[in-house]
């Protein structure tokens with residue numbers, strides 16, 4: 001069974017840049033997996049940040065960007081702010097209609 | 001404004017059944033595919049099921065296949081999830097989620113606030 005991998009945790013300084021990644025236990029992530037990124041704070045529903053690799057969802061500031069880096073999808077946050085401290089999830093479409101979420105990355109801004 | 005409002009969650013015994021509903025508004029419901037996504041307490045997100053705009057195509061996660069059934073009523077702008085044979089590991093907040101278009105690859109761009117399902121004796 002294919003597993004979608006994310007860093008369990010990451011830390012960034014205010015104003016800094018951080019890149020979170022989303023990989024596959026076997027194989028490379030490509031645009032055909034339609035990587036999508038979500039942000040979630042405790043007790044809240046997820047918020048869609050980036051879809052189809054690099055398209056920002058409505059209202060998402062341009063300091064959030066998506067890409068493919070090497071064999072993984074990546075979410076880059078530039079100029080990190082205190083309210084970026086959240087859990088970040090990626091999801092990949094693995095074919096036959098199946099979507100699989102990564103385990104999430106807990107981002108700390110300090 | 002897109003709104004998705006889930007209902008039907010609650011406490012159910014192992015082996016029992018529950019039907020979740022999602023009332024949609026603010027968009028042309030029949031032209032978008034829909035999903036259910038769940039989140040166990042303190043855990044990550046898990047995609048559960050997908051249904052196309054015209055109900056011709058449904059997909060399920062392996063963990064619920066054969067036990068859960070997704071359906072929709074476009075005349076009522078409503079999405080449903082019939083859950084049978086519930087297990088303790090099905091305990092989660094269940095989110096109704098709308099895709100950006102009517103495609104199997106989504107992506108989900110709108111989320112409801114979720115309804116909690118607790119499976120316990």
*Where the centre of each part is set by its Cα atoms, how far does segment B:51-121 sit from segment A:39-110, in angstrom?*
22
_Averaged over its residues, how many other protein chain Cβ atoms are within 10 Å of peptide A:38-47's Cβ atoms?_
4
*Kirkwood Rh, angstrom, chain B [1 / mean 1/r, Cα pairs]*: 14.1
*Give me a single rounded figure for A:98-104: the average over its residues of other chain Cβ atoms within 10 Å of their Cβ.*
6
*asked:* Strictly greater than 25 Å: what percent of every Cα pair in the protein assembly as shown meets that?
replied: 39
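Between residue B:30 and residue A:108, what FRET efficiency follows from the Cβ-Cβ distance if R0 is 45 Å, with the result rounded to 0.05? It would help to have the intermediate numbers written out before the result.
Details: r = 43 Å, r/R0 = 0.95.
That gives a FRET efficiency of 0.60.
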*Between A:28, A:58, A:96, which gets the highest mean-square fluctuation from a Gaussian network model of chain A, Cα cutoff 10 Å?*
A:96
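Computed from the coordinates by the stated procedures, all read-outs in this text should not be read as laboratory data. Just so it is clear, the model here is predicted, and its values are computed rather than measured. Reconstructed Cβ throughout: ideal geometry from the backbone, glycine too, with neighbour counts over all protein chains shown.
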